[in-house]
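FYI, it's all coordinate maths here, none of it is from the lab. Being a predicted model, the structure only gives us computed values, none of them experimental. Cβ atoms come from the backbone with ideal geometry, glycine included; neighbour counts cover every protein chain shown.
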Amino acid sequence: MDKLREECGIFGIYAPGKDVARLTYYGLYALQHRGQESAGIAVADGRTISLYKGMGLVAEVFSGRQLDSFQGYLAVGHVRYSTTGASQPINAQPLVFRYWGGMLGLAHNGNLTNANELRDSLASAGSVFQTTTDSEIIVNLIARYSQTGLVDAIKKCMISLAGAYSLVILTEDKLLAVRDPHGFRPLCLGILGDRQGYVVASESCALDTVGAHFIRDVLPGEMIIIDKDGITSLQGQHSAKCAHCIFEYIYFARPDSYMDGFHVNRVRRLMGRRLAQEYPVQADLVIPVPDSGISAARGYAEGSGIPFEEGLMKNRYIGRTFIQPTQNMRDLGVRLKLNPVREILAGKTIVMVDDSLVRGTTSSKIVRMLKDECGVKEVHLILSSPPVMHSCYYGIDTSNEEELIAARKPLEEIRQFIGADGLHYLSIEGLLSVFGERRDDFCTACFSGDYPVAIPKSTAGKYSLE
């Protein structure tokens with residue numbers, strides 16, 4: 001793995017008279033960058049909940065026939081990249097279940113830090129589990145606490161849960177949205193037309209896709225209930241401090257999203273401008289590693305005055321995986337994704353901007369390709385994040401720390417391994433400075449090791465519940 005992996009994307013809609021299944025399909029399409037392992041949609045019609053899910057991309061899982069079969073006026077959807085639980089059909093979401101109060105559908109983005117403890121407690125009291133996801137723990141807790149009603153059950157559930165969770169929950173006639181007290185994972189609320197319905201989604205780009213207008217972000221610790229009476233907001237668990245995932249702004253979120261008060265594209269350009277201040281380089285061109293490095297590269301070019309060029313072309317039709325049976329084929333992997341524009345790059349000294357460095361293997365292949373095959377004179381790799389040195393326990397599938405190159409090697413050794421003529425990371429101070437007065441509202445644990453919520457003393461990572 002040479003990039004931090006996305007977590008999941010969730011989408012919910014309450015819109016009587018609308019084709020909610022197709023709108024959810026389009027919403028998931030907009031969130032596909034957040035997870036490519038599986039996709040699912042659950043639709044309710046006031047009496048029951050129908051579910052269809054499968055492994056693969058949204059367009060691979062759903063056909064027009066399947067979408068036509070859904071009848072209802074509210075729905076939730078999910079695209080998954082597994083952070084707890086293996087990549088298997090049984091772990092695909094939404095999870096739909098029956099309990100004494102009726103039916104529920106649940107989609108979850110995030111990662112519980114006390115999942116093992118909660119699961120052991122539930123199992124010892126007789127709970128049965130079909131999946132190996134921490135999301136099913138939430139399902140069991142809601143069912144267990146539901147004697148006094150669903151809203152009270154979710155409130156009690158929030159007291160028991162630790163870590164990161166943004167949830168969309170479906171009953172036969174209600175849509176609920178829940179965000180953890182620290183607000184680790186994003187979640188926003190939108191309105192369709194002239195109060196024709198409401199939408200909740202991981203990112204505002206999904207609202208735009210389905211024609212909804214952004215209202216606001218779901219607040220940390222908030223529960224929103226949407227039904228025939230409109231919107232009800234309840235503030236549940238309070239946290240002393242927000243801890244929004246800063247990697248959403250560096251890499252995960254789409255640049256056209258608006259998240260917790262910040263435009264992602266603007267933030268990334270400011271990161272690039274800050275990099276130009278911290279690491280001025282005498283160079284002919286600034287090029288991005290597409291797509292995640294584009295905004296920061298434009299910011300670096302603006303701040304430095306060095307011309308911006310798209311020197312690497314990305315093949316956007318490559319699937320989420322491709323077969324690499326031999327070492328030679330693995331070496332061609334970068335070529336399948338990226339191809340240099342030789343006439344632009346030959347003989348030049350370039351600044352190459354990327355979002356982050358995990359293992360460094362892909363970056364080393366790109367540098368070698370630029371120098372050996374394109375005649376690039378010098379390559380200076382500039383990264384819009386600080387060194388990733390610590391594992392994430394809040395919903396990002398980070399490598400074990402021993403696989404993180406910045407945790408094992410000093411800067412000069414990393415530069416030599418990559419083969420670059422210069423290597424520069426954005427400082428933590430520089431990164432936080434782009435958020436102004438709200439610089440303390442973010443989780444930077446993957447850089448600093450300062451975890452806002454206690455992490456498990458020992459963990460088997462994403463397979464801890466297998």
### Summary
Listed by chain and number, the aspartates and glutamates with an alpha carbon less than 18 angstrom from that of Lys371, same-chain partners under 8 positions apart left out, are Asp284, Glu309, Glu310, Asp331, Glu343, Asp354, Asp421
### Task
Under 1.5 on a/c is rounded, so check that first for the range 331-386, then, if it is not, pick prolate when a/b is larger than b/c and oblate when it is not; a ≥ b ≥ c are the square roots of the alpha carbon gyration tensor eigenvalues.
oblate
### Message
Charges at C-beta only: +1 for Lys and Arg, -1 for Asp and Glu. How large is the resulting dipole of the range 186-300 about its Cα centre, in Debye rounded to 20?
### Response
340
## Note on the structure
Taking placed amide H atoms and a strict 5 Å upper bound, the residues 5 or more places from Cys245 or on another chain that come that close are Cys443
### Task
Only residues of the range 286-312 count here: report those whose backbone N is under 20 Å from the spot 7 Å along Cα→Cβ of Ala346, or say none.
286-287, 309-312
### Residue-averaged [θ]222 nm for the chain, counting only DSSP H segments that reach four residues, each worth -39500 (n - 2.57)
-7500 deg cm²/dmol
### Contact order relative to length of the chain, as percent, for alpha carbon pairs under 8 angstrom and 6 or more apart
15
### Query
How far apart, in nm, are two points set 7 Å out from the Cα along the Cα-to-Cβ line at Gln235 and at Trp100?
3.3
### Query
Lys/Arg Cβ at +1, Asp/Glu Cβ at -1, dipole of the range 8-239 taken about the Cα centre: which of Val58, Val200, Val43 is farthest positive-ward?
Val43
## Note on the structure
Partner aspartates and glutamates whose C-alpha sits under 15 Å from that of Lys18, ignoring same-chain residues fewer than 8 away, are Asp45, Asp68, Asp173, Asp194, Asp227
### Task
Could you work out how far apart the two model spin labels at Asp227 and Lys377 are, taking each label as a point 7 Å from the Cα in the direction of the beta carbon, and quote it in nm?
7.0
### Task
Could you tell me whether the range 8-239 comes out rounded, prolate or oblate from its Cα gyration tensor? Rule is a ≥ b ≥ c as square roots of the eigenvalues, rounded for a/c under 1.5, then prolate if a/b exceeds b/c, otherwise oblate.
rounded
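So if I place +1 on the C-beta of Lys and Arg and -1 on the C-beta of Asp and Glu, and nothing else carries charge, what would the dipole magnitude of the chain be about its Cα centre? I want it in debye, nearest 20.
On the way: 48 positive and 52 negative charges, 95 e Å.
About 460 debye.
Among the listed pairs Lys241/Lys457; Lys409/Lys457; Lys53/Lys409, give every one whose C-alpha distance is greater than 32 Å.
Working: Lys241/Lys457 23 Å; Lys409/Lys457 25 Å; Lys53/Lys409 42 Å.
From the list (Lys241/Lys457; Lys409/Lys457; Lys53/Lys409), the Cα-Cα distance tops 32 Å for Lys53/Lys409.
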### Query
Counting other C-beta atoms within 10 Å, which of Cys205, Cys8 has the fewest, and how do the rest follow?
Cys205, Cys8
### Amide hydrogen neighbours beyond the local backbone of Cys8, cut-off 5 Å, H modeled
Tyr81, Gly110
### Rounded, prolate or oblate (a/c below 1.5 giving rounded, otherwise prolate when a/b exceeds b/c) for the range 194-284 by Cα gyration tensor
oblate
### Query
Once fully extended, how much extra length lies between Glu402 and Ala59, figured as 0.36 nm per residue of separation less the alpha-carbon to alpha-carbon distance?
119.9 nm
### Task
Measure off 7 Å from each Cα along the Cα-to-Cβ vector at Phe417 and Gln282, then give the distance between these two points in nanometres to one decimal.
3.0
### Query
Residue separation times 0.36 nm, minus the C-alpha to C-alpha distance between Gln147 and Gln196: what's the value?
14.4 nm
## Note on the structure
For Leu187, other-chain or 5+-apart residues with amide H closer than 5 Å (H placed, Pro excluded) are Val218
### Task
Please work out the Cα center distance from the range 244-315 to the range 1-60, rounded to the nearest Å.
29
